[in-house]
Amino acid sequence: MTTKWKNPLITGTAILTLTGLFSRLIGFFYRIFLSNVFGAEGMGIYQLIAPVLALSFALTASGIQTAISKYVANETSTHDYKSSFRTLWAGFLLSFSLSLLCAFFIYQWSEVIAAACLMEARTAPLLRIIALSIPMACVHSCINGYFYGIRKTAIPAISQLAEQIFRVGSVYLIYDICGKHQMKPTISFAVVGLVIGESASMIVSVLAILSRAHKVFPYRPCVPIRANTCKTHCIAIYSRIMGQLLALAVPLSANRLVINLLQSIEAIYIPNRLMAHGLNNTEALGVYGVLTGMSLPLILFPSAITNSISVLLLPIVAEADANGNRTAVRRAILTSIRYCLLLGFGCTAVFLLFGRLAGQILFHSQLAGSFILTLSFICPFMYIASTLGSILNGLGKTAQTFCYSVVSLLLRLLFVFFAIPRYGIKGYLWGMLASQILQTTLCTVSALYISRKGCDS
């Protein structure tokens with residue numbers, strides 16, 4: 001592996017991993033705080049709004065961010081910095097326009113979404129609050145996509161850290177003020193903190209991109225040109241760039257939207273099917289809150305490493321593939337599988353040994369400990385699937401990764417609708433394990449096939 005390929009990955013992964021681990025550490029203790037203050041039912045209500053945020057991000061930013069990262073990486077390899085900024089600006093205009101429409105829709109129709117879609121009227125005020133965060137998330141997502149493309153991971157890392165610090169800090173401050181004035185805190189305070197965190201992340205990202213623009217394009221006196229010619233030329237350029245971005249972003253966004261829609265159906269119907277098992281509404285929301293707000297965050301904690309690798313692998317693999325460097329692609333695939341397996345089995349062992357104890361000590365919940373033990377077997381499969389999925393996307397195999405995700409989600413939904421009413425939440429945990437094994441198998445087979453092709457060529 002050449003130094004040119006190797007160093008950005010190692011350096012970038014180290015930055016993102018350290019930041020991600022620190023952010024997750026903050027978020028982990030934040031989850032403990034929320035669970036102690038608002039209880040399992042409050043956590044369940046809080047987690048119900050997550051699908052709305054995920055759908056909004058999929059619609060407005062996720063595909064465009066990836067497209068910006070990919071095209072900026074290609075342009076940076078040729079030192080065409082002007083084109084890379086044009087790509088960022090064109091993507092931002094598209095994403096920000098969509099985010100404003102999405103935020104307006106959620107704010108205006110919050111009551112309907114809460115009652116008809118989420119099946120929990122108490123989420124309506126929370127939806128109106130999170131609607132404010134959608135345009136902010138769009139801004140820093142596009143800018144982060146640019147920095148990922150040029151392999152400058154420090155800015156996304158700082159942005160992520162700022163979001164977490166300000167979100168957690170603001171909620172702690174609000175809670176302290178409520179305590180001093182003998183006011184009862186509500187779960188809406190946590191959502192307000194989310195908005196504050198997104199605004200902090202946006203400010204950091206905007207300042208960073210302005211600084212970058214000043215370095216790349218220092219001030220130069222304007223040269224008199226014909227206005228009509230300039231306007232026509234700019235329209236033509238940005239129309240072409242937007243067309244290129246949309247060609248990649250639309251399939252990615254559609255894929256992400258379908259996946260998030262299926263995940264939203266899953267999240268919404270878990271409490272509903274738990275009630276079919278015999279639980280009342282409070283008990284169902286409590287079990288859902290313990291699973292999604294306590295146990296899963298602990299299981300997902302080590303994925304900060306694989307997520308960092310995944311984010312950086314996409315532009316690197318895309319550039320290597322564009323340059324015909326099949327050896328680099330093959331090594332990326334094999335190395336990713338090797339280290340994800342090592343990390344996954346290590347985490348499984350730790351969670352099996354200490355999972356029950358962690359649930360009792362951290363969350364004061366035997367149920368959380370039981371969930372951790374069961375979910376521990378997911379780790380190797382989940383880490384491999386996320387990393388190989390990013391590699392396949394970087395190689396342009398987005399249709400394949402989309403199909404694999406949909407198939408695994410449909411399998412999980414079968415467990416939600418048919419296993420939960422009979423076996424309770426254990427039926428869903430079995431479904432998570434089965435679907436993750438299926439997705440990992442499909443991604444691994446595809447990646448190894450590509451690796452073999454690269455080796456043969």
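Points to keep in mind about this one:
- Tabulated pairs, the range 388-411, first closer than 18 Å to TYR449 by Cα, second of a type in the set (Phe, Trp, Tyr), C-beta under 8 angstrom, 6+ apart or interchain: GLY389/TYR404
- Only residues that are within 17 Å of the chain's Cα centre (by Cα) and among the small types (Gly, Ala, Ser) were counted in the range 395-409, giving 1.
- Unique residue being modelled with pLDDT under 95, charged (D, E, K, R) and under 24 Å from SER95 (Cβ atoms) when the list is LYS152, LYS184, LYS180: LYS152
- Tabulated pairs, the range 121-149, first over 11 Å from ILE49 (Cα atoms), second of a type outside the set (Gly, Ala, Ser) and not in a helix (DSSP H, G or I), C-beta under 9 angstrom, 6+ apart or interchain: TYR146/LYS152; PHE147/THR153
- Of the residues in the range 164-180, at least one is touching a residue at least 12 places away in the same chain (Cβ under 8 Å), touching a Ser or Thr at 6+ places or on another chain (Cβ under 8 Å), in a helix (DSSP H, G or I) and surrounded by fewer than 23 Cβ atoms within 10 Å (Cβ to Cβ).
- From the list ARG122, ARG151, the one residue that fits, being at negative phi and either surrounded by fewer than 23 Cβ atoms within 10 Å (Cβ to Cβ) or part of a helix (DSSP H, G or I) (or both), is ARG122.
- Applying a threshold of 7 Å to beta carbon distances and a minimum spacing of six or more residues, or different chains, the list of pairs starting in the range 355-382 at a residue that is surrounded by fewer than 21 Cβ atoms within 10 Å (Cβ to Cβ) and at pLDDT 90 or above and ending at one that is outside any helix (DSSP H, G or I) and not hydrophobic (A, V, I, L, M, F, W, C) is empty.
- Subset tally (residues that are over 26 Å from the mean Cα position of the chain (by Cα) and exposed (fewer than 14 other Cβ atoms within 10 Å of the Cβ)) for the range 181-210: 4
- In this structure, TYR404 qualifies as crowded, with 22+ Cβ neighbours inside 10 Å, among the hydroxyl-bearing types (Ser, Thr, Tyr) and closer than 15 Å to ILE259 by Cβ.
- Failed item in (1) touching a helix residue (DSSP H, G or I) at 6+ places or on another chain (Cβ under 6 Å); (2) over 19 Å from GLU198 (Cα atoms), with ALA58 passing the rest: (2)
- Figure legend. Inter-residue proximity from the range 263-281: first residues free of Cβ contacts under 8 Å to residues at least 60 places away in the same chain, second residues in a helix (DSSP H, G or I), beta-carbon distance below 6 Å, spacing 6+ or different chains. Indicated pairs: MET275/ALA284.
The values are calculated or read from the model by the stated rules, or taken from the named source; none is laboratory data. The structure displayed is predicted, hence computed values, not measured ones. Glycine also receives a Cβ, built like all others from the backbone with ideal geometry; neighbour counts cover every protein chain displayed.
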